[in-house]
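Asks: My structure is below; once you've seen it, I'll send some questions.
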Amino acid sequence: MDLKTKDSTARSAELWQRAQTLLPGGVSSPVRAFGAVGGQPRFLSHGVGGRCVDVDGNDFIDFVQSWGPLILGHAHPAIVAAVEAALQRGLTFGAPCEDELRLAQLMVDSYPGVERVRFTSSGTEATMSAIRLARGVTGRSRLVKFSGCYHGHSDGLLVAAGSGAITLGQPSSAGVPPEVAELTSVLPLDDEAALVSLFAERGDEIAAVILEPIPANNGLLLQRKKWLEKLRALTCEHGAMLIFDEVISGFRVARGGAAELYGIEPDLVTFGKIVGGGMPCGAFAGPAAHFEHLAPLGPVYQAGTLSGNPLAMAAGARTLEYLIENDAWNVLNESARSLCAKIETRAAQHDWPFRIVRCGSVFWMCLGTRTAPRTAEAIDDGAAEVYSKIHAHCLANGVYLAPSAYEVGFVSMAHTPEELGHAAHVIGDALEEAFR
Ligand SMILES: *Cc1c(COP(=O)(O)O)cnc(C)c1O
């Protein structure tokens, strides 16, 4: 495999020093600082298909893929061409553009129950705005979320469970007022009794329940369909909205996301990552009737100077078209299956407390247990330490994994069988070293 590795990291080191003096912690988003694994972040210079290259010229088979958006891989020619063509026409107008309709149409045609789409510039904005819409429609204030799910960094979502039986949340970040956090109730995943009791106690206060139907931000916590169905039934019964946050799973696990996979239709859905094709973009969507409440049609305000940005719309629309034209979900599923099977075959020769959890092209190396956890609480505490060894070995040998034990990996359409085979080999060696 023609992978350049183990060269100097001098240029990254130099830039990392400088970054400390300009950006808080050296980064624009915390996980990039490698705090959870130690070592020094690499500054990336470019990417081609399944690979990225750092400023010192080291190659990596990349399973971060910008945390999910790059489902076609880095600098895919079809996406680059679409963005270049849009670029020539102007960067932004702050007025309607035709590609908004192209992308919205693809989303309406793909996702169960979606009739209207409002574009934003990030996934955080999408969830924040979907919650406001749900509150506007229901006239209620309480939000329910689950521990182990991530929905971006707006105040009402940076909340942890309160102590004991208390259903009021507590801030999980400084700067979030307790008064705001109290409006969010945080429940464990996979716990039917907790759901039933919260709805019995406060069902008529609940505006919305938000969850990642395929929780992929704290390990990959695949849920039981029965539990999801119970959640759907309870929200219906109590007049609360069910918001599926499909910022990762949307167009990743299936054309119709988790809703298609589980056959469960939410009231509102949020998108991000893939729908922008690598450009900043998010969206919230659902039935026309709910969107009658959203400005300019109704009293729920939401806006954005760069929302529906022409470059993002062009990149997103081309990405979705390409996925649909190329039977992408079968291809991705097969690529990821073969990668994971190779790693697991290696693991099976040993007695490692390890397994891979996978859903389509999303995979997670679960350390410390051979049972796939369904809740954040069930993840082994020692995982982070073992993972830092695996991460360091992979980084030194040309495989770029997320710098945290709790982040998933993404296989893209661009990863070749050769790259996947090589990566499986390197990851196998890393496991061997970590469990020695
Ligand atoms: C990434 C993510 C978000 C936040 O999106 P940003 O674009 O980072 O603001 C929200 N929800 C989920 C499920 C995500 O994975």
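Asks: For the range 134-153, what are the residues that are away from the ligand (no atom under 16 Å from the Cβ) and in contact with a His (Cβ under 8 Å, 6 or more places away or on another chain)?
Replies: Of everything in the range 134-153, those that are away from the ligand (no atom under 16 Å from the Cβ) and in contact with a His (Cβ under 8 Å, 6 or more places away or on another chain) turn out to be Gly136, Val137.
Asks: Run down Ile390, Ile379 and say which single residue is farther than 27 Å from Pro213 by Cα and β-branched (Val, Ile, Thr).
Replies: Going through Ile390, Ile379 in turn, the sole match is Ile390.
Asks: Continuing with the same structure: I'd like to verify a number: residues in the range 70-89 that are open to solvent by less than 20 Å² (accessible area, probe 1.4 Å) and outside any helix (DSSP H, G or I), how many?
Replies: 3
Asks: Still on this structure, I have one more. Of (1) open to solvent by 40 Å² or more (accessible area, probe 1.4 Å); (2) more than 20 Å from Leu220 (Cβ to Cβ); (3) touching a residue at least 24 places away in the same chain (Cβ under 8 Å); (4) of a type in the set (A, V, I, L, M), Ala289 satisfies all except one. Which?
Replies: Here Ala289 meets the rest and fails (3).
Asks: I'm trying to understand the selection: among the residues of the range 148-166, which are surrounded by fewer than 20 Cβ atoms within 10 Å (Cβ to Cβ) and touching a strand residue (DSSP E or B) at 6+ places or on another chain (Cβ under 6 Å)?
Replies: Ala160, Gly162
Asks: While we're here: All but one of (1) at negative phi; (2) buried (at least 16 other Cβ atoms within 10 Å of the Cβ) hold for Glu385; which doesn't?
Replies: Of (1) at negative phi; (2) buried (at least 16 other Cβ atoms within 10 Å of the Cβ), only one is false for Glu385: (2).
Asks: Now for a different question. I'd like to know if the range 77-95 contains one or more residues that are over 18 Å from Asn309 (Cβ atoms) and either more than 16 Å from the ligand (Cβ to nearest atom) or touching a Pro at 6+ places or on another chain (Cβ under 6 Å) (or both).
Replies: Among the residues of the range 77-95, at least one is over 18 Å from Asn309 (Cβ atoms) and either more than 16 Å from the ligand (Cβ to nearest atom) or touching a Pro at 6+ places or on another chain (Cβ under 6 Å) (or both), which makes the answer yes.
Asks: Within the range 121-133, track down each residue that is surrounded by fewer than 23 Cβ atoms within 10 Å (Cβ to Cβ) and more than 12 Å from the ligand (Cβ to nearest atom).
Replies: Result: Arg132, single match.
Asks: Collect the residues in the range 32-54 that are aliphatic (A, V, I, L, M) and buried (at least 17 other Cβ atoms within 10 Å of the Cβ), keeping them in residue-number order.
Replies: The answer is Ala33, Ala36, Val37, Leu44, Val53.
Asks: Within 19 Å of the chain's Cα centre (by Cα), at pLDDT 95 or above and not assigned by TED's automatic domain parsing to the domain that holds Met413: is that true of Thr120 in this structure?
Replies: yes
Asks: From Ala240, Ala207, Ala174, which residue is open to solvent by 20 Å² or more (accessible area, probe 1.4 Å) and either modelled with pLDDT under 95 or farther than 30 Å from Ile71 by Cβ (or both)?
Replies: Every option except Ala174 fails the conditions.
Asks: Does Ser197 satisfy being free of Cβ contacts under 8 Å to residues at least 12 places away in the same chain and either closer than 26 Å to Arg224 by Cβ or touching an Asp or Glu at 6+ places or on another chain (Cβ under 8 Å) (or both)?
Replies: Against the criterion (free of Cβ contacts under 8 Å to residues at least 12 places away in the same chain and either closer than 26 Å to Arg224 by Cβ or touching an Asp or Glu at 6+ places or on another chain (Cβ under 8 Å) (or both)), Ser197 qualifies.
The values are calculated or read from the model by the stated rules, or taken from the named source; none is laboratory data. It should be emphasised that the depicted structure is a prediction, and the values quoted were computed from it without experimental measurement. Using ideal geometry, Cβ is built from the backbone for each residue, glycine included, and neighbour counts are taken over all protein chains shown. These area figures cover heavy atoms from the full protein model, side chains too; ligands, DNA and RNA do not enter into them. Shrake-Rupley method; radii C 1.70, N 1.55, O 1.52, S 1.80 Å.
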